[in-house]
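What follows is a set of notes on a single structure, which appears directly below.
FYI, it's all coordinate maths here, none of it is from the lab. This is a predicted model, so every value here is computed, not measured. In this analysis, Cβ positions are derived from the backbone assuming ideal geometry, glycine residues included, and neighbour counts consider all displayed protein chains.
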Amino acid sequence: MVRRGRLLAAAALTSVALALTAIPGAATAATPSLVIAPTWTPIPTYSVAKHDEPITYANGCHAKGVVTTPIVCTFNPGGGRTVMLFGDSHANHWFGAVLNAAKVGNWKFKTMTKSGCPAVTVSVRRYKSANYYPECNSWRAGTLSNLQAVKYGRIDVVVMSSWHFHQVLTSTYGSNLTGATKYATWKKGMSATLTKMLKGVRQIVILRDSPDLPGDMLQAQACYAAYGLAAETRCGTTLAKATSAGIWNAERQAVAELPSTLRARVKTVDLTTPTCPNSWCGPIDGPYLAFKDDNHWTQTWVKARMNKPVYTEVKAAMLRAG
């Protein structure tokens, strides 16, 4: 039985090694045939990291696929002024840091997020799917309409972010866009979102999207566990591949082209590039496992590393809001 158990364990590790070798874009060209993780216990642990996400997933505040009705949730309800988080899951994973800012600043904190649905007014396909995502357009339109009508009360600051690797369509049920055409469509969509939102919101902070690491969710998680501390290089990639400079520039250009009175009420902030030292993006940051999967940060890491810079940006926006 002992011999059989060892054989099964060896076979399992070999399977992991083969899976890791297949991760596109990962620095695993020299992957050995048998991977044995160095002794290292990250914060959070691998098993905890997989589920280290905002409470909004469990309590229903983060809208899922078929939901079209905007769901607004309020945290720190005793606060004075209000900050809102708006966008897809890549906005939602800033939750811990924005909640901390609200508590420190004594502000109300409202969330308005939906899986796979960018804040930008564009038509997209479902996450890593070939199917159009009509519920996203309905949800976003309803949210922006409610913000214009001030149905959520006075919103002093909106913090918004979106995944930069969405499959953007030419139109409803249209074809997938790439390159310059995609960037131009994204810029136009960002302009539309900002113009509508600024009719009912005082200040907007646009956070640059977080990095995308190689592989899918399961491949990335297997890579982190297999390589331990070496995962920083083995499971990472360059800043140029992990982020979309074209989409980020489109967002900044959309802000720059707003009328001056509106432009003064929007700020783009890049807190992502500093997380990729020497232009390399990996899952390890000191004692922390920063990623729960291939493209979402752990809340443990967000609170440890992003609380201070996010509070600084929200506080400054509150001051600009008057």
- Query: When the helix-only estimate is applied to the chain (DSSP H runs of n ≥ 4, each -39,500 (n - 2.57), divided by the residue count), what is the mean residue ellipticity at 222 nm, nearest 500 deg cm²/dmol?
  - Reply: -12000 deg cm²/dmol
- Highest-fluctuation residue, Ser244, Ser171, Ser161 considered, GNM on the chain with Cα pairs under 10 Å: Ser171
- the chain, Gaussian network, Cα under 10 Å: of Glu257, Glu232, Glu135, the residue fluctuating most is Glu257
- Message: Could you tell me the center-to-center distance, by alpha carbons, between the range 200-222 and the range 155-175 in angstrom?
- Response: 12 Å
- Query: Highest mean first, what order results for 307-319, 208-220 on Cβ atoms within 10 Å?
  - Reply: 208-220, 307-319
- Task: Compute the signed sum of charges (Lys and Arg +1, Asp and Glu -1) over the other residues within less than 9 Å, Cβ to Cβ, of Gln299.
- Result: 0
- Message: Rounding to the nearest 10 and keeping the result within 0 to 90°, find how far the Cα-based axis of helix 2-21 lies from the longest principal axis of the chain.
- Response: 50 degrees
- Highest-first arrangement of 288-300, 55-67, where packing means the average Cβ count within 10 Å: 288-300, 55-67
- Message: Compute the helix-to-body angle for 95-105: its Cα long axis versus the longest principal axis of the chain, expressed 0 to 90° and rounded to tens.
- Response: 50 degrees
- Note on the structure: Taking every DSSP bridge whose two residues both lie in the chain, the antiparallel percent to the nearest 5 is 30 percent
- Query: From the Cα gyration tensor of the range 174-322, with a ≥ b ≥ c the square roots of its eigenvalues, which class applies: rounded if a/c is under 1.5, or else prolate if a/b is larger than b/c, or else oblate?
  - Reply: oblate
- Separation of the range 72-94 and the range 255-316 by C-alpha centroid, Å? 16 Å
- Message: As a test of the definition: which semi-axes, in Å, follow for the chain when you take the square root of five times each eigenvalue of its alpha carbon gyration tensor? Largest first, please.
- Response: 36, 22, 18
- Note on the structure: By the mean-Cβ-within-10 Å protection proxy, highest first, 139-145, 172-178 rank as 139-145, 172-178
- Query: Could you give the angle, 0 to 90 degrees to the nearest 10, between helix 217-227's Cα long axis and the longest principal axis of the Cα atoms of the chain?
  - Reply: 50 degrees
